[in-house]
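Here's the structure we're looking at; comments come further down.
The values are calculated or read from the model by the stated rules, or taken from the named source; none is laboratory data. On a predicted model such as this, the values are computed, not experimentally measured, just so you know. Because the Cβ atoms are built from the backbone with ideal geometry, glycine has one as well, and the counts that use them run over all protein chains shown.
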Amino acid sequence: MKVPTDYDNPGCERARTLEPEMADNYVAHSAIGDPIADAAVEALSAMKRSEASRIISAYMSPPDGNERPAVPPEVQALFDDVMTPPDWLDLSSLTPGIHMFHRNRKMVVAGMLAGVLVEGFSTNISESFFITGRLRDQGVRRLRQNNRHMVEIFLPGGMDVYGDGWRLSFRIRLVHAQVRYLLKNSTDWDEDALGVPLSAAHVGYAITAFSARLLKHMRSLGAAFTEEEAASFMATWRYSGLLMGIPESILFQGEEDALRLYEIGTMCEPEPGASSIVLANSLINSAPLVVGIDDPSEGQKLSRYVYKVSRALIGDELANQLNYPKQSTFGVLPWFRMQARFDRFALRFLPKIARKSNIANFTTLLSGSWYHEEGITYDLPDHVYAEESSQW
């Protein structure tokens, strides 16, 4: 295969000495998108945007007895694919992960915002966001949409067929395919250097971060959970990843496999560039708006604190590469761990305080999520630049 020039680097060579098969597989998937969804999106591009959205909505909703609209064979193939559950799926096994997620909400949010998302943007994943302006023009909305997806896949029944987590995972697959279509038909994307936009390698890498890497950060912040709960958490993300169009050839098997893939993928990615620096810092400075803090001084305080937590999680080397402000992280993680221990103590011995805290945490989680008044919609971006696209 023709290796994208960004992956012809010393890091990839080091990765090949450690895990040659995994490293080669990662680079190979940088040239792969999502053939089924890509073909469907190209077929849908011939329709009016509103008609395409109506058709997708009809197929993503429970049958109502009426005949569903006819669709091109490429679109039907996509619907057939998402409706075919994998042999390894056991929906009942996802319940312990749901309990763990909600018991550790504070650590989930902190680990995702200050750790996982920043680390993801330190790779070439940042390039598609930077070019399209998804965090420049509509950053808060995009982050809240991502948060909504995470909340919904960890609600009871969320990953059942037609559940909101199930539908939002599929919606992400469509959005990725549409953005890939727009970028490949623009002059902004350098495929020789970067590979395919929103490649299977990058989406496969991202899902290891959302799952195994997030568990690692949550442990650092003081979260407590059993091996069964961790495995269930991983299984939820694995199924969501499959619905998002990640081929099983680069979809992790379990936590250990995911961490190894994350490590090898990180080694293969080039050093953080300008787009990584811009997006990582934009992400942290958007945090106050995501949770509804409009006061500038309060927002600055929160951003400074998020920078500190993020530096503690991702380490000084990466934080410096991303041009973080110089800060001491002394006591940051011990303070989180102490709060986590108190929360567990309150849950056992101070139930009234625990209930108030749980309600407040859940309310904060929901306030940072995007809910459409009309429910889940399937409008897709129609311009490569977010500021020129219709809302979706």
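Per-structure values
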quantity	calculated
Test result for His149, closer than 22 Å to Leu198 by Cβ and assigned to a helix (DSSP H, G or I)	yes
Ile246, sole failed condition from (1) out of contact with any Ser or Thr (no Cβ under 8 Å at 6 or more places or on another chain); (2) crowded, with 22+ Cβ neighbours inside 10 Å; (3) of a type in the set (A, V, I, L, M, F, W, C); (4) more than 16 Å from Ala200 (Cα to Cα)	(4)
Among the candidates Asp80, Asp87, Asp64, residue that is in a helix (DSSP H, G or I), over 23 Å from the mean Cα position of the chain (by Cα) and surrounded by fewer than 20 Cβ atoms within 10 Å (Cβ to Cβ)	Asp80
Near pairs, Cβ below 9 angstrom, 6+ apart or cross-chain, from the range 290-316 (touching a residue at least 24 places away in the same chain (Cβ under 8 Å)) to any residue that is among the acidic types (Asp, Glu)	Leu313/Glu119; Ile314/Glu119
Test: residue in the range 221-229 that is in contact with a helix residue (DSSP H, G or I) (Cβ under 9 Å, 6 or more places away or on another chain), assigned to a helix (DSSP H, G or I) and of a type in the set (A, V, I, L, M)	no
Flag if Leu380 is modelled with pLDDT of 75 or more, in contact with a Leu (Cβ under 9 Å, 6 or more places away or on another chain) and not in a helix (DSSP H, G or I)	yes
Among the residues listed as Leu283, Leu313, Leu261, Leu318, the single one being modelled with pLDDT under 95 and in a helix (DSSP H, G or I)	Leu283
Residue within the range 269-276 that is under 29 Å from Met234 (Cα atoms), assigned to a loop (DSSP other than H, G, I, E, B) and touching an Asp or Glu at 6+ places or on another chain (Cβ under 6 Å) present	yes
The range 180-205, subset surrounded by fewer than 23 Cβ atoms within 10 Å (Cβ to Cβ) and assigned to a helix (DSSP H, G or I), residue farthest from the chain's Cα centre (by Cα)	Asp192
